[in-house]
Amino acid sequence: MMTYNLWNYMPFPATTSIGTEIEVPWETRHEEIAKIIVEEKPDLIAFQEIRAKKGQKNQLDKLFDTVHRHKGIAYQYTYLKAAKQGEDSEEGIGMFIKPGYRVIGRRMSKLTHADCGDLNTRSLLSLSLDTGRSQFDFAATHWSYELKCQMENAKEVYGFFERQLERPVFLLGDLNIYPGREGALVYLTDIHPYDFVPEARMTDLFTIKDPDSRITFPTFGNAGKVRCDIILGRVGVMYGVEGLSYKVVGDKPFKTKIGDDEVDFFPSDHMGVVGEWKLFPKSI
């Protein structure tokens, strides 16, 4: 499975003949993201910062077509609008789901964003999936970058899944976790003495595999390198989960033309994260 923040809009610092800040359009960037998806072949993908302009389809439609054109998997996909962006755009989260996974349930939740400096609406989207041999929940989310709201997001997500303990849960997304501000992630992953349901706590796939790369944002520049793109897993009543692999993708630039200049650019300001889990029946 994979998580990837598609990057809604942000000028890229580069010195060119037309200025020192440039914007490489989605038409160019999505081709590179599609190539990564085709190469990695993840069964499930959680996306953040999906844009849609008024009167147009959202970016997942274009990405779906391009992945198919590159002979990739013909995914099922779903999108959840999170918020308006200006007068003519909206932004949301979404998923690609490989054929063979049957969707047996869909839940969503708006997360806290009031009473803090972050005015962006935050959301959680969860699908219950049936493989024919097991069932689990696959969820995408994008948390606040403001510490107070971020902690509320963690509590809301914990409560959302605490009510469903039968199936394993995989939660993927941009949690906006920064060094020295890991409290929200710790809230989801640490088992506390007062827990009535310790099984509701999650495991960070990164900590299982201890991979070489500890950075997922940003792809360019030298300041503020962080790991904010996360894959979490949680056991269910009947099934356990075991982390098998973890790696970062989208960390290498591609060349593109800006005016008369050729510059190195990245598919997104975030790197993608690809992980693999094993589900196994628990002994009774």
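From the list Lys155, Lys110, which residue is part of a strand (DSSP E or B) and among the charged types (D, E, K, R)? Don't jump to the end; show me each part of the working.
On the way: Lys155 fails: part of a strand (DSSP E or B).
So the residue among Lys155, Lys110 that is part of a strand (DSSP E or B) and among the charged types (D, E, K, R) is Lys110.
The number of residues in the range 87-118 that are in contact with a strand residue (DSSP E or B) (Cβ under 9 Å, 6 or more places away or on another chain) and farther than 19 Å from Trp7 by Cβ comes to 16. Checked against (1) modelled with pLDDT of 90 or more; (2) assigned to a loop (DSSP other than H, G, I, E, B); (3) of a type in the set (D, E, K, R); (4) open to solvent by less than 60 Å² (accessible area, probe 1.4 Å), Asp118 meets all criteria but (1).
Of the residues Lys57, Lys84, Lys53, which is of a type in the set (Lys, Arg) and in contact (Cβ under 8 Å) with a residue 12 or more places away in the chain?
Values: Lys57 fails: in contact (Cβ under 8 Å) with a residue 12 or more places away in the chain; Lys84 fails: in contact (Cβ under 8 Å) with a residue 12 or more places away in the chain.
It is Lys53.
For the range 235-246, the set of residues classified as open to solvent by 80 Å² or more (accessible area, probe 1.4 Å) and either touching a Phe, Trp or Tyr at 6+ places or on another chain (Cβ under 9 Å) or part of a strand (DSSP E or B) (or both) consists of Glu242 only. Looking across the range 73-97, the residues that are open to solvent by 20 Å² or more (accessible area, probe 1.4 Å) and part of a loop (DSSP other than H, G, I, E, B) come down to Ile73, Ala74, Gly86, Glu87, Asp88.
For Arg106, state whether it is closer than 30 Å to Lys41 by Cβ, surrounded by 13 or more Cβ atoms within 10 Å (Cβ to Cβ) and basic (Lys, Arg).
So Arg106 does not fit the description; no.
Please specify each residue of the range 130-155 satisfying the condition of being without any contact (Cβ under 8 Å) to a residue 60 or more places away in the chain, surrounded by fewer than 18 Cβ atoms within 10 Å (Cβ to Cβ) and more than 14 Å from Leu185 (Cβ to Cβ). Within the range 130-155, Asp130, Thr131, Gly132, Arg133, Lys148 meet the criteria. Contact map, the range 92-115: residues that are closer than 18 Å to Val169 by Cβ paired with residues that are in a loop (DSSP other than H, G, I, E, B) and charged (D, E, K, R), Cβ distance under 8 Å, separation 6+ or inter-chain. Pairs shown: Ile97/Asp43; Tyr101/Asp43. For the range 267-274, the criterion of being modelled with pLDDT under 90 and open to solvent by 10 Å² or more (accessible area, probe 1.4 Å) is satisfied by no residue at all.
Take the residues in the range 34-51 that are more than 25 Å from Lys278 (Cα to Cα) and in contact with a helix residue (DSSP H, G or I) (Cβ under 7 Å, 6 or more places away or on another chain), then tell me which one is most open to solvent (accessible area, probe 1.4 Å). Steps first, please.
Our first condition is that a residue be more than 25 Å from Lys278 (Cα to Cα); within the range 34-51, this holds for 34-35, 49-51.
Then keep just the ones that are in contact with a helix residue (DSSP H, G or I) (Cβ under 7 Å, 6 or more places away or on another chain); that gives 34, 50-51.
On the way: Ala34: 0, Ile50: 0, Arg51: 52 Å².
Looking at the filtered set, the residue picked out is Arg51.
Go through the range 247-284 and give me each residue that's part of a loop (DSSP other than H, G, I, E, B), of a type in the set (Gly, Ala, Ser) and touching a Phe, Trp or Tyr at 6+ places or on another chain (Cβ under 7 Å). Listed by number, the residues that qualify are Gly250, Ser268. In the condition set (1) open to solvent by 10 Å² or more (accessible area, probe 1.4 Å); (2) under 17 Å from Lys110 (Cβ atoms), Glu166 is compliant with all but (2).
The values are calculated or read from the model by the stated rules, or taken from the named source; none is laboratory data. Please read these numbers as outputs of a predicted model, since none were measured by experiment. Here the Cβ is made from the backbone with ideal geometry for all residues, glycine too, and neighbour counts use every protein chain on show. Just so you know, the surface numbers come from the protein's heavy atoms only, side chains and all, with ligands and any DNA or RNA stripped out. Shrake-Rupley method; radii C 1.70, N 1.55, O 1.52, S 1.80 Å.
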